[in-house]
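Read through the structure below, which is laid out as structure tokens, and then see the notes.
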Amino acid sequence: MSFCPIAIVGRGCVLPGALSPERLGDVSTSGLDVIAEAPPGRWRIDDDLVLRRPDDSGPDTTWSCRGGYVDDSGTLEGIDRDALASAFAGLGVDDLDALDPVFRHLLRAGRDALTEAAMAGGDRTGAVVGNLSFPTAGMARHAEQVWLASVGRAGAQGDPRARFMSGLPAHALARAFGLNAGAFAIDAACASSLVAIEIACAELAAGRVDAMVAGAVNAADDLFLHMGFRALEALSPTGRSRPFHAEADGLVPAEGAAVVVLERLEDAIAAGRTIHGVIRGVGLSNDGRGRGLLVPSTEGQRRALATAYRVAGIAPSRLGWVECHATGTVVGDGTEVASMAAVLGDGRSETLPIGSLKANMGHLITAAGGAGLLRVLEAMRRGVLPPTPHADRTIDSLSETPFEVLAEARPWPERDEPRLAGVSAFGFGGNNAHVVVEQWRAERRWAAVPATRTDDSEIAVVALGARVGELRGHRAFAEVLSEGSSAIRHGAPGLSDPSVHAERVRLPMTAMRFPPRDLEQTLPQQLLLMEVAEEALGRLARPTPSGERCAVLVGMQCDTAVARHGARWRMADWGRRWGASEAWIEDARDRFAPLLGAAGVLGCMPNICANRLNSQLDWRGPSCTLSSEELSGLRALRLAERMLRQGTIDVALVAAVDVCA
């Protein structure tokens, strides 16, 4: 299958120390480290209540408050405030600056990218955006306000619109800039921005749209990220991000957004647009069963890398740079080196420079791959390979490869063929993505690539599963619909309003591949999906398929229950201010949420809704969650249809879940 070359015609970013691609290039080329301590008040808690030395840490504590932080004051300047306000019911134009940062970051990056592209949206322009569906600061404030009011206490004023932080930012982007072909968000953890770019490229190649805005944003509650990564023992105790360093001790979280505007190359040439680079291929995969949902797999990463160069029709030996995922974790960096050596290391007559932007500004999580792509485009434009800060002593495994981590900037020489780079992004849950990007040279002759052929045959639905309240199974659900009866219950335990409420989830433990005690710490959102998937797959006439051409796509949104962990930690501060006793505070904390361990982090990780099924079934095809409010499940179904028709996959498990009634 040939890949339709896609032109990058617009760029925008809101990143630590860099509110433009040009400034990002300055930070990168100069080897600056812009990581800093969290701004005062960012965590909304007395830091002394949670910060501990690594040798004195325990539950409900973290090792560091350092990260990559954005100064986004004035972010919305120049944006049509009337158009933007229309995206938020009841929000006046003067209230926009109080929007949750997840909106502000994305809107600013999107505005800058569209402005650079000299593009005004339209009916043939859409958007797909990676968005980390952990609670944002705004969502956490709103949830805390509701919970505290229920016990007669006042919390910080929250914006109820932040409840919809998963899909609404993409919708706001579309509404503000007239992206009328539709918009939605996806979550594939750290691979999100490159997965979003692949989806956008496929939509363009199929001729469904003429332009796409693609990228990602991360504006999750910073306290939760630090406490969560500490629970996973992935957080750097020193607060230093040192990819590929022999003494690297973990990652450092960062926030921000990175966005590109994409067109088919032939259309961009015809329109006379400035072309910043050309996407020549994208490879996606999932680890499937692998080594676990939190442990990277060389096999999965190799498949993503190999797919990208196969569809591009380009030999990896042409590469002049690889922008790595490397986060500064021992296992992760070593696994990535092994994966690259297997796919990119053969046939090279000289060393291959590599690096990671995370050394400059930390781990942007969902936005990491997009920011890495912008870094590569700036390096191509300047003709300079960027250094990696803190690269004085690299890991031993690099010595057996052709890869070189640059301690100083180096010229990127012009050759007969355009400069070529690879960008990797590998995420928790086994999500892997790699993009091949080439320098644009106007004098080069490009062979026309026809639109991707799609199969017009009908798509078959071969099995169903459903759970709605206490209606177990799709037959029970169908009976209620056909009979016109109601599943709404009055007086459900703990609920004063009528609801469709589920009491229990039943899983056949003999078939489960996860420890029961871990599942006890898992959101019902994930467990409910497993129950429904078990029903659907159990109805197949043949054995359940597995392998590289099986995908899992789940419509969902952030479950507000995740914000209870933040309320637990902040309760220590609130209780002191209220004059409550230590016993009362501890009881209140336990009522909000249990202690957060590694299983608990995994149990509320948003992309794991899909990826737990990848692991359970050993399905190793491209997978993610999708958020578009009430349309989330339909977006998942539409994406599955496109992937099936284009021959990317053979089987898709499509689902939608919401337990926030």
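The values are calculated or read from the model by the stated rules, or taken from the named source; none is laboratory data. Only a predicted model underlies this, so the values are computations on that prediction, with no experimental measurement involved. All Cβ positions, glycine included, derive from the backbone under ideal geometry; neighbour counts span all protein chains shown.
Odds and ends about this structure:
- Qualifying positions in the stretch 338-359 - surrounded by fewer than 24 Cβ atoms within 10 Å (Cβ to Cβ) and among the aliphatic types (A, V, I, L, M): A338, A341, A342, V343, L352
- Note on the stretch 564-592: residues that are outside any helix (DSSP H, G or I) and on the phi < 0 side of the Ramachandran plot amount to 2.
- Single residue of G575, G547 found to be in contact with a Phe, Trp or Tyr (Cβ under 9 Å, 6 or more places away or on another chain) and under 27 Å from A154 (Cα atoms): G575
- For G430, the stated conditions do not hold, so it cannot be described as surrounded by 24 or more Cβ atoms within 10 Å (Cβ to Cβ) and out of contact with any Gly (no Cβ under 8 Å at 6 or more places or on another chain).
- Filter result for G547 (on the phi > 0 side of the Ramachandran plot and free of Cβ contacts under 8 Å to residues at least 60 places away in the same chain): no
- Checking A202 against (1) surrounded by 24 or more Cβ atoms within 10 Å (Cβ to Cβ); (2) outside any loop (DSSP other than H, G, I, E, B), the condition it does not meet: (1)
- Condition met for V278 (surrounded by fewer than 24 Cβ atoms within 10 Å (Cβ to Cβ) and touching a Leu at 6+ places or on another chain (Cβ under 7 Å)): yes
- The stretch 233-270, subset in a loop (DSSP other than H, G, I, E, B) and of a type in the set (G, A, S), residue nearest to S397 (Cα to Cα): A246
- When the stretch 157-175 is limited to residues that are small (G, A, S) and in a loop (DSSP other than H, G, I, E, B), the one that is modelled with the lowest pLDDT turns out to be G158.
- Qualifying positions in the stretch 397-447 - in contact with a helix residue (DSSP H, G or I) (Cβ under 6 Å, 6 or more places away or on another chain) and more than 27 Å from G334 (Cα to Cα): Q439
- Condition check for L225: surrounded by fewer than 24 Cβ atoms within 10 Å (Cβ to Cβ), in a helix (DSSP H, G or I), at pLDDT 95 or above and within 18 Å of the chain's Cα centre (by Cα): yes
- Taking the stretch 35-48 as the range and being crowded, with 17+ Cβ neighbours inside 10 Å and within 29 Å of I354 (Cβ to Cβ) as the test, only I35 passes.
- Some residue of the stretch 161-173 being more than 23 Å from the chain's Cα centre (by Cα) and more than 24 Å from A588 (Cβ to Cβ): no
- Subset of the stretch 531-558 [touching a Pro at 6+ places or on another chain (Cβ under 8 Å) and among the charged types (D, E, K, R)]: E534
- Residue check: I314 meets all listed conditions (1) part of a loop (DSSP other than H, G, I, E, B); (2) of a type outside the set (F, W, Y); (3) under 14 Å from T401 (Cβ atoms) but one, namely (3).
- Only one of the listed residues (A181, A196) is in a loop (DSSP other than H, G, I, E, B), touching a residue at least 24 places away in the same chain (Cβ under 8 Å) and closer than 30 Å to A442 by Cα. That residue is A181.
Condition check ((1) surrounded by 14 or more Cβ atoms within 10 Å (Cβ to Cβ); (2) more than 10 Å from Q521 (Cα to Cα)) across all residues:
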{"site": "G575", "(1), (2)": "yes, yes"}
{"site": "S581", "(1), (2)": "no, yes"}
{"site": "I585", "(1), (2)": "yes, yes"}
{"site": "A588", "(1), (2)": "yes, yes"}
{"site": "P594", "(1), (2)": "yes, no"}
{"site": "A598", "(1), (2)": "yes, no"}
{"site": "G603", "(1), (2)": "yes, no"}
{"site": "N607", "(1), (2)": "yes, yes"}
{"site": "G621", "(1), (2)": "yes, yes"}
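- Count of residues meeting criterion [modelled with pLDDT under 95 and either under 26 Å from R161 (Cβ atoms) or part of a loop (DSSP other than H, G, I, E, B) (or both)] in the stretch 51-85: 23
- Just one of the numbered conditions (1) closer than 23 Å to G473 by Cα; (2) touching a residue at least 24 places away in the same chain (Cβ under 8 Å) is not true of G597: (1).
- Scanning the stretch 108-139 for residues that are closer than 26 Å to D159 by Cα, in contact with a Leu (Cβ under 6 Å, 6 or more places away or on another chain) and not in a strand (DSSP E or B) turns up just one, G110.
- All told, A304 meets the bar of being in the same structural domain as E417 (by TED's automatic domain parsing) and touching a Ser or Thr at 6+ places or on another chain (Cβ under 8 Å).
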